[in-house]
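K.L.:
I have a structure here, written as structure tokens, and I will follow up with some questions on it.
The values are calculated or read from the model by the stated rules, or taken from the named source; none is laboratory data. No experiment lies behind these values; they were computed from the predicted model shown. Positions of Cβ are backbone-derived with ideal geometry, glycine not excepted, and every protein chain shown enters the neighbour counts.
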Amino acid sequence: MTTAKVILFTSKVLKNGEHPIMLRLIQNRKVKYLNIGLSCASDMWDEKTQLPKKKHPLAKEITYRVNSITTNANREILNLENEGRAYSLEELTDILQSSKQKTTYSVFSYFQEVIERKERADKIGYADAFKATLLKLKNYRRGKDLEFTDINFSFLKKYEEWLDAQGLQPNSIFLYLRTFNTLLNYARKDKLVKDDYHPFKEFSFAKYRRTKTRKRAISKDEMMSIAQFSPDTQSRLFHSRNYFLFSYYCGGINFVDMANLRWKNIERGRLLYTRQKTGEDFNILLLPPALTILEWYKNTNYLGDDSYIFPILSDFHKTAKQINDRVHKVNGQTNADLKEIGRLLEIAVPLTTYVARHSFATIQKKNGTPTAVISELLGHDSEKTTRIYLDSFGNDVLDEAMKALM
């Protein structure tokens, strides 16, 4: 007689402080444990039901997977016993592991699995995109989970119509649908579904790719007014102004890349860094205004070449999640400060760190810089194409274009 039961394996503690949830198989007093890829804190686990407590934030998803795994294990045990022959726990384990991927995931639980994978790989931004997509799908379904077989073209069209009815911008709808499609592609690669499973096959993304985000940029005169704005150096406005201007004077560097800059990224009057989003290398001439900003921080914030340039991150922020959370928080504070600066200077466009990035490209274009040099930098449909254009020019050409910013 063989039994299968899911338990919380409290003898082992994971790095996150939780215990693994295991499938326990018992046959003739011989015990074998199978890791099912789930974990739970002991205070969130109900020992009577051997399920997560209702207050657990992922109670529904974990319960679904636990019940699915238990049902599948008992089904395989019954199949083996109906054959009327002896079998070992090792044989049962092989069968369960081979069928595991195909039987244990609902759409919501697989979303959570992908999110955890991204977080383990320190791809926090991608994890956040899947989290947001899962939350939106849960709202549409009113919390009711679904199977992959429930997703077809009709389902996707109705979901798209619902997203549109929520008043979302086309780019937001595109993000949710594109991320959902990516999840289904992952499911196919993980053999959760058949190779010909393509719910998005007849779905067209063309209208979203043609949609242009409403560009926000300020004029060169308005940029100069921000440069001349002199808040107290002890105020948060001072740093927010500096972040905005540094981004503008350094080719529209993204806030996350700027936050991660260290003094070793500065070499012979140039900024050398790798963009986190794309992995592409940038080599940018540091203009006098940018050098002035760097000089101020070197006098107040320098702790060695390996230390951070700006007071956004510190050695306290070690994990990818800590860094991502800190950058997200300071970016939000900076955007709030920039809006206050814009109000004080009577600039009509609501200022954000993105405005600095786009203003860089827009002012370049208005200055007559060849489109091939900037390729509209931020508005280009493919950033890779933009970099291909830029890479065809030497630093002297790009440097002259940078000098036009002043």
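K.L.:
Yes or no: Ile62 of a type outside the set (D, E, K, R), surrounded by 15 or more Cβ atoms within 10 Å (Cβ to Cβ) and more than 24 Å from Phe108 (Cβ to Cβ)?
P.N.:
no
K.L.:
Sticking with this structure for a sec: Taking Leu177 as the residue in question, decide whether it is farther than 28 Å from Ala59 by Cα, surrounded by 11 or more Cβ atoms within 10 Å (Cβ to Cβ) and free of Cβ contacts under 8 Å to residues at least 40 places away in the same chain.
P.N.:
It is false that Leu177 is farther than 28 Å from Ala59 by Cα, surrounded by 11 or more Cβ atoms within 10 Å (Cβ to Cβ) and free of Cβ contacts under 8 Å to residues at least 40 places away in the same chain.
K.L.:
Given (1) touching a Leu at 6+ places or on another chain (Cβ under 7 Å); (2) at positive phi, where does Ala259 come up short, assuming only one miss?
P.N.:
Status for Ala259: all satisfied but (2).
K.L.:
Same structure, new question: When you check Val31 against the structure, is it surrounded by fewer than 15 Cβ atoms within 10 Å (Cβ to Cβ), of a type in the set (A, V, I, L, M, F, W, C) and in a strand (DSSP E or B), yes or no?
P.N.:
yes
K.L.:
Same structure again: Collect the residues in the stretch 65-92 that are hydrophobic (A, V, I, L, M, F, W, C) and surrounded by 13 or more Cβ atoms within 10 Å (Cβ to Cβ), keeping them in residue-number order.
P.N.:
Val66, Ile69, Ala73, Ile77, Leu80, Leu89, Leu92
K.L.:
Hey, can you tell me all the residues within the stretch 278-309 that are under 23 Å from the mean Cα position of the chain (by Cα) and among the hydrophobic types (A, V, I, L, M, F, W, C)?
P.N.:
Phe282 - this is the single residue of the stretch 278-309 that is under 23 Å from the mean Cα position of the chain (by Cα) and among the hydrophobic types (A, V, I, L, M, F, W, C).
K.L.:
What are the residue pairs meeting all of these: first residue in the stretch 254-270, first residue over 19 Å from Lys318 (Cβ atoms), second residue among the aliphatic types (A, V, I, L, M) and assigned to a strand (DSSP E or B), Cβ atoms under 8 Å, and 6 or more apart or on different chains?
P.N.:
Asn265/Leu271; Asn265/Leu272; Ile266/Leu272; Gly269/Leu285; Arg270/Ile284; Arg270/Leu285
K.L.:
Would you pick out the residues in the stretch 255-291 that are surrounded by 15 or more Cβ atoms within 10 Å (Cβ to Cβ) and either among the polar types (S, T, N, Q) or outside the structural domain of Leu351 (by TED's automatic domain parsing) (or both)?
P.N.:
Asn260, Asn265, listed by residue number.
K.L.:
Only residues that are among the acidic types (Asp, Glu) and either assigned to a helix (DSSP H, G or I) or within 12 Å of Tyr110 (Cβ to Cβ) (or both): list them for the stretch 167-195, please.
P.N.:
Passing the criteria: only Asp190.
K.L.:
Kindly establish whether Gly252 is within 26 Å of the chain's Cα centre (by Cα), crowded, with 19+ Cβ neighbours inside 10 Å, part of a loop (DSSP other than H, G, I, E, B) and on the phi > 0 side of the Ramachandran plot.
P.N.:
Taking the combined requirement at face value, the residue satisfies it.
K.L.:
Can you tell me which residue among Asp94, Asp150, Asp122 is closer than 30 Å to Thr319 by Cβ and not hydrophobic (A, V, I, L, M, F, W, C)?
P.N.:
Details: Asp94 fails: closer than 30 Å to Thr319 by Cβ; Asp150 fails: closer than 30 Å to Thr319 by Cβ.
Of the residues listed, the single one that is closer than 30 Å to Thr319 by Cβ and not hydrophobic (A, V, I, L, M, F, W, C) is Asp122.
K.L.:
Take Tyr33 and decide whether it is modelled with pLDDT of 90 or more, over 29 Å from Arg120 (Cβ atoms) and not β-branched (Val, Ile, Thr). Before you say what the answer is, go through the steps one by one.
P.N.:
Working: modelled with pLDDT of 90 or more: yes; over 29 Å from Arg120 (Cβ atoms): no; not β-branched (Val, Ile, Thr): yes.
It is false that Tyr33 is modelled with pLDDT of 90 or more, over 29 Å from Arg120 (Cβ atoms) and not β-branched (Val, Ile, Thr).
K.L.:
Which of the residues that make up the stretch 110-153 are free of Cβ contacts under 8 Å to residues at least 40 places away in the same chain and part of a loop (DSSP other than H, G, I, E, B)?
P.N.:
Residues satisfying the conditions are Ala121, Arg142, Lys144.
K.L.:
Being out of contact with any Gly (no Cβ under 9 Å at 6 or more places or on another chain), without any contact (Cβ under 8 Å) to a residue 60 or more places away in the chain, over 26 Å from Ala129 (Cα atoms) and not small (Gly, Ala, Ser) narrows it down to one residue among Glu340, Glu346; which is it?
P.N.:
Numbers: Glu340 fails: without any contact (Cβ under 8 Å) to a residue 60 or more places away in the chain.
Step by step, each of Glu340, Glu346 is checked, and only Glu346 is out of contact with any Gly (no Cβ under 9 Å at 6 or more places or on another chain), without any contact (Cβ under 8 Å) to a residue 60 or more places away in the chain, over 26 Å from Ala129 (Cα atoms) and not small (Gly, Ala, Ser).
K.L.:
When the stretch 360-372 is examined, which residues are found to be of a type outside the set (Lys, Arg), closer than 16 Å to Met223 by Cβ and either in contact with a Ser or Thr (Cβ under 8 Å, 6 or more places away or on another chain) or without any contact (Cβ under 8 Å) to a residue 24 or more places away in the chain (or both)?
P.N.:
Step one: filter the stretch 360-372 for residues of a type outside the set (Lys, Arg), giving 360-364, 367-372.
Of the ones still in play, those that are also closer than 16 Å to Met223 by Cβ are 360-364, 367, 369.
Those that are of a type outside the set (Lys, Arg), closer than 16 Å to Met223 by Cβ and either in contact with a Ser or Thr (Cβ under 8 Å, 6 or more places away or on another chain) or without any contact (Cβ under 8 Å) to a residue 24 or more places away in the chain (or both): Phe360, Ile363.
K.L.:
Among the residues of the stretch 234-247, is there at least one that is surrounded by fewer than 17 Cβ atoms within 10 Å (Cβ to Cβ), assigned to a loop (DSSP other than H, G, I, E, B) and outside the structural domain of Gly332 (by TED's automatic domain parsing)?
P.N.:
No, there is no match, as no residue in the stretch 234-247 is surrounded by fewer than 17 Cβ atoms within 10 Å (Cβ to Cβ), assigned to a loop (DSSP other than H, G, I, E, B) and outside the structural domain of Gly332 (by TED's automatic domain parsing).
K.L.:
All but one of (1) among the aromatic types (Phe, Trp, Tyr); (2) at pLDDT below 95; (3) touching a strand residue (DSSP E or B) at 6+ places or on another chain (Cβ under 7 Å) hold for Tyr308, so report the exception by its number.
P.N.:
Failing condition for Tyr308: (2).
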